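The values are calculated or read from the model by the stated rules, or taken from the named source; none is laboratory data. Keep in mind that this is a model prediction, so the values were computed, not measured. FYI the Cβ positions are ideal-geometry reconstructions off the backbone, even for glycines, and counts take in every protein chain you see. With ligands, DNA and RNA removed, areas are computed over all heavy atoms of the protein, side chains included. Shrake-Rupley method; radii C 1.70, N 1.55, O 1.52, S 1.80 Å.
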Amino acid sequence: EGLSVSLQEALASALPVVTTDVPGCREIAGEGRHCVLVPVRQSEPLAQALRTLIKSPDLRAEMGLAARRKAEQDFDGEKLALEHIALYESIAASR
């Protein structure tokens, strides 16, 4: 999948995200306080990110709220549908 549905669901559920720095995941992470990107195939940065979140309920809560805002802003189904319709209409009008 081009954009991870499970990451989008985590954002919508107001959960902080820890994910690998790869295409698709990177785009969901974007610029913000809702996600921690870790290098691919490197267990120590992943473990450290998880330890940090486990030990800090305030950080988890802050990141969770930011995650929900990101989901509402970028992945709202109705908004995306309207953007797709506008795109298709502009393509059809140019023909």
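Observations
- In terms of overall dimensions, the stretch 27-69 has a Cα radius of gyration and Dmax of 10.9, 29 angstrom.
- Ellipticity at 222 nm from helices only: DSSP H runs of n ≥ 4 in the chain, each -39500 (n - 2.57), divided by the residue count, give -20000 deg cm²/dmol.
- Each residue of the stretch 12-18 is assigned a 3J(HN,Hα), and the resulting list reads 5, 8, 6, 10, x, 10, 10 Hz, derived from the Karplus form 6.51 cos²θ - 1.76 cosθ + 1.60 (θ = phi - 60°), x at Gly and Pro.
- Only the Cβ atoms of Lys and Arg (+1) and of Asp and Glu (-1) were treated as charged; on that basis the dipole of the chain about its Cα centre amounts to roughly 320 debye.
- Candidates per GluC sites (Glu not before Pro) in the chain, loop by DSSP, up to 14 other Cβ within 10 Å: Glu1, Glu31
- Along each principal axis, taking the top coordinate minus the bottom one, the Cα set of the stretch 56-95 gives 55, 13, 7 Å in descending order.
- Per-q log10 I(q)/I(0), the stretch 1-49, q = 0.30, 0.33 Å⁻¹ (Debye; single scatterer per alpha-carbon; no solvent): -1.21, -1.30
- Karplus 3J(HN,Hα) series, Hz, for the stretch 29-43 with 6.51 cos²θ - 1.76 cosθ + 1.60 (x for Gly, Pro): 4, x, 9, x, 9, 9, 8, 10, 8, 10, x, 5, 6, 10, 6
- Heavy atoms of Arg68 accessible to a 1.4 Å probe, total area in Å² rounded to 10: 100
- Carbon/sulfur fraction of accessible area - the stretch 31-95, other protein chains in place, 1.4 Å, %: 57
- Distance cut-off 14 Å, percentage of C-alpha pairs in the chain lying past it: 69
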